[in-house]
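Chemist: Dumping the structure here so I can ask a few things about it.
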Amino acid sequence: MTLTCADVDFDLKLAEFKINGYAVFEDMIPEEKIDRIREAFLPLLAHIQERETEVSNVELGDPRIGQGRLQTTNRYTLTIPWIEPFADPAIYEHPVILEFLDRFWRPDSYVITCYHSNTPCAQSAFQHWHRDTGIAREIPHVGLETVPVVGVKFPLVETSEENGSFEVLPSTQYIADPKLEGRYDEILLKGHFPSAHRLNLKKGSMWVQDVRTLHRGTPNRTPDPRPELVVCYCRDWFAIAQNIEMPQASYESLSEKGQQLLKRHRKVDWD
Ligand SMILES: O=C(O)CCC(=O)C(=O)O
Ligand SMILES: [Fe+2]
């Protein structure tokens, strides 16, 4: 059984999100759906692994066969194409996620700006501790109570200490001290930070990430990739240089809610 809105204490989940800087929901996506998505994802990953042998900041390629880059050793970043089975309203219009965002922001006040993935593969290493935004550079240098951008993430496999589960340092989303920015690895690897926490997730879980919360990828010590997909949502007044690409016909086939969420898409010709 998958989770419905009636099963969720949203006030509690919002409090977890506001305090910890992330919130996890289990049993959100049926396992068969995740398995179908993983089967479609692995050839895209294989294509990037074969093509991208040098670390790069730029994602190259056609998203339908593989747009992505080698981010650091054996860790890949791919854009997810807006096609089946990835572009599934059961995921990007998940009622629990939309109810959470409606309450956190305001109904109809946010859009989807990206569909992406992070995949540590065998022999990947720790990432540097980082945020997925720039305090001061992108988000103003104040501890904003309500973050304007979140990532909604779901792993395509169970994640564990062995296969490189995501690590967060809870409650760091409000730190907005320019003197600390850029020094987190130096500080966190030296000092005592016992609240660092691994998100060991069941398949079918989704979690919402405040992009400011400090985190890092960890080594995958298994032979199998650990893919996680992320749908980015942001307030509709927030400018961000990200767009989902899709042809006009795909946009027209979306539900009314889908069209509203994807109104910032960029049209492409995929014939
Ligand atoms: O998926 C992971 O383990 C971490 C990836 C990450 O934080 C990033 O690439 O920004
Ligand atoms: Fe990150």
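The values are calculated or read from the model by the stated rules, or taken from the named source; none is laboratory data. Computed from a predicted structure; not experimentally measured. All Cβ positions, glycine included, derive from the backbone under ideal geometry; neighbour counts span all protein chains shown.
Chemist: Looking at this structure, is Gln248 among the polar types (S, T, N, Q) and either touching a residue at least 12 places away in the same chain (Cβ under 8 Å) or closer than 16 Å to Ser117 by Cα (or both)?
Modeler: yes
Chemist: Which residue, of Arg64, Arg75, is under 24 Å from Ala122 (Cβ atoms) and modelled with pLDDT of 95 or more?
Modeler: Arg75
Chemist: Now a separate question. Could you list, in sequence order, the residues of the range 149-168 that are more than 15 Å from ligand 2 (Cβ to nearest atom) and among the small types (Gly, Ala, Ser)?
Modeler: The answer is Ser160, and nothing else.
Table: residues versus (1) surrounded by 15 or more Cβ atoms within 10 Å (Cβ to Cβ); (2) among the acidic types (Asp, Glu); (3) not in a loop (DSSP other than H, G, I, E, B).
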{"site": "Phe126", "(1), (2), (3)": "yes, no, no"}
{"site": "His141", "(1), (2), (3)": "no, no, no"}
{"site": "Ser160", "(1), (2), (3)": "yes, no, no"}
{"site": "Thr172", "(1), (2), (3)": "yes, no, no"}
{"site": "Ala176", "(1), (2), (3)": "yes, no, no"}
{"site": "Leu201", "(1), (2), (3)": "yes, no, no"}
{"site": "Gln209", "(1), (2), (3)": "yes, no, yes"}
{"site": "Arg226", "(1), (2), (3)": "yes, no, no"}
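Chemist: Mind listing whichever residues of the range 42-53 are farther than 18 Å from Thr72 by Cβ and touching a strand residue (DSSP E or B) at 6+ places or on another chain (Cβ under 7 Å)?
Modeler: The answer is Leu44, and nothing else.
Chemist: Gly151 passes all but one of (1) out of contact with any helix residue (DSSP H, G or I) (no Cβ under 8 Å at 6 or more places or on another chain); (2) in contact (Cβ under 8 Å) with a residue 60 or more places away in the chain; (3) not in a strand (DSSP E or B); which number fails?
Modeler: It is condition (3) that Gly151 fails.
Chemist: Then there's this: Taking Ile187 and the conditions (1) part of a loop (DSSP other than H, G, I, E, B); (2) exposed (fewer than 15 other Cβ atoms within 10 Å of the Cβ), which numbered condition does it fall short on, given that it satisfies the others?
Modeler: (1)
Chemist: Taking the range 93-141, which residues are modelled with pLDDT of 95 or more, within 20 Å of Phe238 (Cβ to Cβ) and among the small types (Gly, Ala, Ser)?
Modeler: Listed by number, the list holds a single entry, Ser109.
Chemist: Return the total of residues in the range 190-236 being in contact (Cβ under 8 Å) with a residue 60 or more places away in the chain, of a type outside the set (Val, Ile, Thr) and farther than 24 Å from Leu3 by Cα.
Modeler: Looking only at that region, the number is 13.
Chemist: Here is a further query. Tally up the residues in the range 246-271 that are crowded, with 17+ Cβ neighbours inside 10 Å and outside any loop (DSSP other than H, G, I, E, B), please.
Modeler: Residues that pass the stated criteria total 4.
Chemist: Could I ask something else about it? Does Leu156 fit the bill of being farther than 22 Å from Leu214 by Cα and at pLDDT 95 or above?
Modeler: The answer is yes for Leu156.
Chemist: Tell me yes or no: at least one residue of the range 104-112 is basic (Lys, Arg) and either within 16 Å of ligand 1 (Cβ to nearest atom) or touching a residue at least 12 places away in the same chain (Cβ under 8 Å) (or both).
Modeler: No; the residues of the range 104-112 include none that is basic (Lys, Arg) and either within 16 Å of ligand 1 (Cβ to nearest atom) or touching a residue at least 12 places away in the same chain (Cβ under 8 Å) (or both).
Chemist: Return the residues of the range 126-163 that are farther than 27 Å from Ser109 by Cα, within 11 Å of ligand 1 (Cβ to nearest atom) and either hydrophobic (A, V, I, L, M, F, W, C) or under 15 Å from the mean Cα position of the chain (by Cα) (or both); say none if nothing qualifies.
Modeler: Selection gives Phe126, Trp129, His130, Thr159.
Chemist: The conditions are (1) closer than 24 Å to Glu245 by Cα; (2) touching a residue at least 40 places away in the same chain (Cβ under 8 Å); (3) within 16 Å of ligand 2 (Cβ to nearest atom), and Ile97 fails exactly one of them. Which is it?
Modeler: With (1) closer than 24 Å to Glu245 by Cα; (2) touching a residue at least 40 places away in the same chain (Cβ under 8 Å); (3) within 16 Å of ligand 2 (Cβ to nearest atom) applied to Ile97, the lone miss is (3).
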